[in-house]
Amino acid sequence: MEVENGEGQVQVHLKTKQEQYAVPDVPYAIEGSVSTTELNIFLNALLQSKGAESVDFDFLVFDEYLRGRLCDHLREKAISFEDSIEIEYVERFPAPEPQDCLLHDDWVSTVKASGKWILTGCYDNTLNIWTYKGKHKLTIPGHTAPIKAVDWISLDDENGRFVSTSQDQTAMMWQWNIASNAVECVSVCKGHERGVDSVCVSPDAQRFATGSWDTMLKIWSAELEDVGESTAKRAKESGVRTPRMTLQGHRESISAVQWMDNNTLLTGSWDHTLKVWDLNLEGIKTEISTNKSIFDASYSKLNNLIVTASADKNLRLYDARTNQGSVVRSTYLGHNAWVQTVMWSITEEFLFVSGAYDNQNKLWDCRSPKAPLYDLLGHGEKVLDIDWSNPKYIVSGGADNTVRVFKSSKATVENMETK
């Protein structure tokens with residue numbers, strides 16, 4: 001058939017959920033060889049006949065982004081060229097813009113944003129607090145080995161509270177008085193027997209979880225006064241805190257930990273498994289086996305999907321609700337070295353970011369497995385952590401001793417109306 005070689009025409013229906021860009025729901029005959037570029041020209045010609053300004057779109061054909069010629073996409077999906085094809089179009093997410101570069105004295109192994117602040121942890125054992133504008137507020141010593149993870153407990157105009165974990169086998173809780181720019185360690189959390197690689201604070205900010213090279217998952221109180229603790233008074237006075245709960249199940253280091261809700265935790269490990277833990281039952285609710293060590297994992301509350309980072313250069317998508325063990329929903333190809341870090345957007349259902357040992361960050365749409373939406377360049381060495389906790393900024397830390405900030409300038413309809 002001629003159209004299978006990219007010649008001839010295909011009949012398509014153009015659909016969108018963004019009503020301001022809707023076109024008449026009639027069949028259009030287009031060349032089978034079209035790509036996104038030609039479809040954009042065709043669609044914008046239809047929209048401009050209604051007086052609209054030119055807009056860049058991406059196109060979904062059978063739930064996957066069109067990344068080459070339409071005829072090749074259909075052939076790959078084994079779709080008949082005789083059928084009428086429905087193409088969904090969405091306004092293209094704008095490219096994040098590089099902002100400031102925050103210079104540190106050593107590798108930046110962890111970054112976490114909250115409000116207008118960026119908290120970083122380094123291999124020189126220090127924590128640092130920065131503004132998005134690149135102003136350095138504070139260097140915080142205290143740990144005796146490289147920092148591996150940080151998370152905010154709470155933040156308001158007067159005080160910030162956060163937790164850090166380190167290869168020194170401890171987690172430390174900190175209180176920061178913003179006005180006086182003074183910080184104090186309020187608790188040292190002891191119980192792990194190896195370095196502590198991951199930490200996450202619960203949604204209600206009452207507890208936090210840590211994962212370690214000792215293979216243990218531990219739950220701690222995140223409150224200033226650890227009233228439920230039955231430790232000796234002397235331990236309390238010294239500021240030492242012990243875990244509320246210890247959960248055993250992984251066979252190797254826990255590289256990722258994240259609260260799915262206030263009583264459910266996701267962990268990823270070098271033992272090739274993802275585990276979902278029920279804290280009420282104090283045990284494993286679901287286990288997903290993979291065939292690769294997991295260096296990071298991120299769960300999205302918006303779509304109930306988990307994306308993982310591994311040493312084989314690929315990212316993989318899993319369904320948190322699956323009972324079938326290890327069904328990979330999609331594999332994302334684009335990095336050239338092992339992928340160290342990944343995180344879902346908290347506002348955009350389909351988007352996530354990753355950072356790898358190829359010195360690159362990438363912004364992905366989970367419906368586009370063949371290619372990322374954008375490469376976020378700037379690091380001169382491997383990327384160690386990436387964060388998108390603040391929807392306006394993507395922040396990453398690397399072995400080039402820098403934090404890179406990218407501004408996400410999504411032009412939503414609401415934003416356009418307030419400009």
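The values are calculated or read from the model by the stated rules, or taken from the named source; none is laboratory data. Keep in mind that this is a model prediction, so the values were computed, not measured. Quick reminder, even Gly has a Cβ in these numbers, built from the backbone with ideal geometry, and neighbours come from all protein chains shown. Areas reflect the complete protein model, heavy atoms only, side chains present, ligands, DNA and RNA absent. Shrake-Rupley method; radii C 1.70, N 1.55, O 1.52, S 1.80 Å.
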Residues that are among the aliphatic types (A, V, I, L, M) and not assigned by TED's automatic domain parsing to the domain that holds N263: list the strands (runs of 3 or more DSSP E) wholly contained in the range 144-219 that include at least 3 such residues.
none
Which numbered condition in (1) modelled with pLDDT of 95 or more; (2) within 28 Å of T139 (Cα to Cα) is the only one that D226 fails?
(1)
The conditions are (1) in a strand (DSSP E or B); (2) open to solvent by 90 Å² or more (accessible area, probe 1.4 Å), and E53 fails exactly one of them. Which is it?
(1)
The lone exception for E64 - which of (1) surrounded by fewer than 20 Cβ atoms within 10 Å (Cβ to Cβ); (2) outside the structural domain of G211 (by TED's automatic domain parsing); (3) over 26 Å from the mean Cα position of the chain (by Cα) it fails:
(3)
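Tell me, please, whether a residue that is over 23 Å from I147 (Cβ atoms) and buried (at least 18 other Cβ atoms within 10 Å of the Cβ) can be found in the range 249-258.
As a first pass, look at the range 249-258 and keep what is over 23 Å from I147 (Cβ atoms): 249, 251.
Checking which are buried (at least 18 other Cβ atoms within 10 Å of the Cβ) leaves us with none.
No, the range 249-258 contains no residue that is over 23 Å from I147 (Cβ atoms) and buried (at least 18 other Cβ atoms within 10 Å of the Cβ).
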Single condition S345 does not satisfy, out of (1) hydroxyl-bearing (S, T, Y); (2) at pLDDT 95 or above; (3) open to solvent by 20 Å² or more (accessible area, probe 1.4 Å)
(3)
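Does the range 23-32 include one or more residues that are touching a Cys at 6+ places or on another chain (Cβ under 6 Å), assigned to a loop (DSSP other than H, G, I, E, B) and outside the structural domain of G380 (by TED's automatic domain parsing)?
Yes: the range 23-32 contains one or more residues that are touching a Cys at 6+ places or on another chain (Cβ under 6 Å), assigned to a loop (DSSP other than H, G, I, E, B) and outside the structural domain of G380 (by TED's automatic domain parsing).
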Do you know which residues across the range 282-310 are part of a loop (DSSP other than H, G, I, E, B) and polar (S, T, N, Q)?
T290, N291, S293, S300, N303, N304
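For Q340, indicate whether it is over 14 Å from A256 (Cβ atoms) and not acidic (D, E).
Numbers: over 14 Å from A256 (Cβ atoms): no; not acidic (D, E): yes.
Against the criterion (over 14 Å from A256 (Cβ atoms) and not acidic (D, E)), Q340 does not qualify.
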Can you name every residue in the range 344-356 that is within 21 Å of T110 (Cα to Cα), β-branched (V, I, T) and in a loop (DSSP other than H, G, I, E, B)?
I346
Given the conditions (1) small (G, A, S); (2) in a strand (DSSP E or B); (3) open to solvent by 20 Å² or more (accessible area, probe 1.4 Å), report the number of the one that G380 does not fulfil.
(2)
If you go through the range 95-107 one residue at a time, how many are surrounded by 17 or more Cβ atoms within 10 Å (Cβ to Cβ) and part of a strand (DSSP E or B)?
3
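Among the listed residues A356, A320, which satisfies the condition of being among the aliphatic types (A, V, I, L, M), out of contact with any Cys (no Cβ under 6 Å at 6 or more places or on another chain) and modelled with pLDDT under 95? Let's see the steps before the verdict.
Numbers: A356 fails: modelled with pLDDT under 95.
Criteria check complete, one pass: A320.
Report yes if T120 is of a type outside the set (D, E, K, R) and part of a loop (DSSP other than H, G, I, E, B), otherwise no.
Numbers: of a type outside the set (D, E, K, R): yes; part of a loop (DSSP other than H, G, I, E, B): no.
Taking the combined requirement at face value, the residue does not satisfy it.
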Could you grab the pairs with beta carbons closer than 8 Å, sequence gap of 6+ or different chains, first residue in the range 271-284 and of a type in the set (S, T, N, Q), second one surrounded by fewer than 20 Cβ atoms within 10 Å (Cβ to Cβ)?
T273/E287; T273/S289; N280/N263
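Have a look at N390, N336, N359 and point out the one that is open to solvent by 20 Å² or more (accessible area, probe 1.4 Å), on the phi > 0 side of the Ramachandran plot, in a loop (DSSP other than H, G, I, E, B) and assigned by TED's automatic domain parsing to the domain that holds T126. Steps first, please.
Details: N390 fails: on the phi > 0 side of the Ramachandran plot; N336 fails: on the phi > 0 side of the Ramachandran plot.
After applying the criteria, what remains is N359.
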Among the candidates R367, R404, residue that is open to solvent by 20 Å² or more (accessible area, probe 1.4 Å), assigned to a strand (DSSP E or B), more than 16 Å from V339 (Cα to Cα) and touching a residue at least 60 places away in the same chain (Cβ under 8 Å):
R404
Could you check the range 74-94 and list, in sequence order, the residues that are in contact with a strand residue (DSSP E or B) (Cβ under 9 Å, 6 or more places away or on another chain), part of a loop (DSSP other than H, G, I, E, B), open to solvent by 50 Å² or more (accessible area, probe 1.4 Å) and of a type outside the set (S, T, Y)?
K77, E82, D83, R92
